[in-house]
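In what follows, a single structure is set out as structure tokens and then discussed.
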Amino acid sequence: MSSIYLGYHFTIEPKELGSEILVAELGELPFESFVESEFGLTAYIQKELWHTHILDDLFVLESPEFNISYTIEEIEQVNWNEEWEKNFEPIEVDGLCHVRAPFHPKTDATYDIVIEPKMSFGTGHHETTHMMIQQLLQMDVQNKKTLDMGCGTAILAILAEMKGAQPIDAIDIDNWCYLNSIENAARNNCQHITVYEGDARMLINQKYDLIIANINRNILLADIPAYTNCLLANGSLLLSGFYEEDIPFLEAACSDNGLQFVSKLQRNNWVSLNFKKLV
């Protein structure tokens, strides 16, 4: 007998950070799968595991920092692959990088990346991931020791390896992202990526030529001192996951930690910044 599911269709503002927190909180409940949508995400739960007050204690729904609404739909037997495939179209970045799912045909792009995001975010579709791909495409990362912080699907670590970076550490605090990153690194035949589950506290005594951090403003601001301590002289720090109005806060934090601004990319209201450590 097939299970009956409830689909919670969430509209989230701001989407990126709100979705991260919401997925983390729903992941502690019996929700089984999440599908990213244009304005938020859809979360699925078996009806027999659902109860009326299941969302009552979620921080993100009560926080004034987020505007979240939802509708509920009853669904007879969800085909997860079909749901995911409906929401995943291949993308191309600057004519060089092609990001696709395993069911999409291979292309002759210089960097052909296969990503199966499952419950993780980071397919290249979001503005921040797209810009971080652009940043990496513009850089010479050959033989540079690299950190992908908040790696999600490990898409950026995978591109870095394809461009010659090694060794590469990929870290995410979310267990699903940790497992998914391991799968995606193997799927792309990566030999130099090591994935860890954790946060910036793991960076003690580590040194890198390049640090990639696509997270959110508050975490970045808290962790910039740790990133700086890990950067070698002339090392680069690529940041994204925040809005144009957040730039002054990020620039001030980086400047206070001895980092020099190099360049900026902007896509809609989202921004990516490139900094360098001079000494």
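At-a-glance table
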{"item": "Test: Ile155 is under 21 Å from Leu231 (Cα atoms) and surrounded by 21 or more Cβ atoms within 10 Å (Cβ to Cβ)", "result": "no"}
{"item": "Within the range 132-152, considering residues that are under 11 Å from the mean Cα position of the chain (by Cα) and in a loop (DSSP other than H, G, I, E, B), the one surrounded by the most Cβ atoms within 10 Å (Cβ to Cβ)", "result": "Cys151"}
{"item": "Within the range 253-272, considering residues that are under 25 Å from Ile204 (Cβ atoms) and touching a Leu at 6+ places or on another chain (Cβ under 9 Å), the one most open to solvent (accessible area, probe 1.4 Å)", "result": "Gln260"}
{"item": "Test: residue in the range 42-61 that is modelled with pLDDT of 85 or more, closer than 30 Å to Asp108 by Cβ and not in a strand (DSSP E or B)", "result": "no"}
{"item": "Residue in the range 32-39 that is surrounded by 16 or more Cβ atoms within 10 Å (Cβ to Cβ) and at pLDDT 85 or above present", "result": "no"}
{"item": "Elements of type strands (runs of 3 or more DSSP E) contained in the range 159-233, each with 3 or more residues being open to solvent by 50 Å² or more (accessible area, probe 1.4 Å) and touching a residue at least 24 places away in the same chain (Cβ under 8 Å)", "result": "193-197"}
{"item": "Within the range 250-279, tally of residues that are at pLDDT 95 or above and of a type in the set (Phe, Trp, Tyr)", "result": "2"}
{"item": "Filtered residue count, the range 168-201, keeping only those that are over 18 Å from the mean Cα position of the chain (by Cα) and closer than 20 Å to Ala24 by Cα", "result": "1"}
{"item": "Only listed residue being aliphatic (A, V, I, L, M) and in a loop (DSSP other than H, G, I, E, B), chosen from Val262, Val279, Val271", "result": "Val279"}
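The values are calculated or read from the model by the stated rules, or taken from the named source; none is laboratory data. If you're wondering where the values come from, they're calculated on a predicted model, not measured in any experiment. For neighbour counting, all protein chains shown are included, and Cβ atoms are generated from backbone atoms with ideal geometry for every residue, glycine included. Heavy atoms of the whole protein, side chains included, go into the accessibility calculation; ligands, DNA and RNA do not. Shrake-Rupley method; radii C 1.70, N 1.55, O 1.52, S 1.80 Å.
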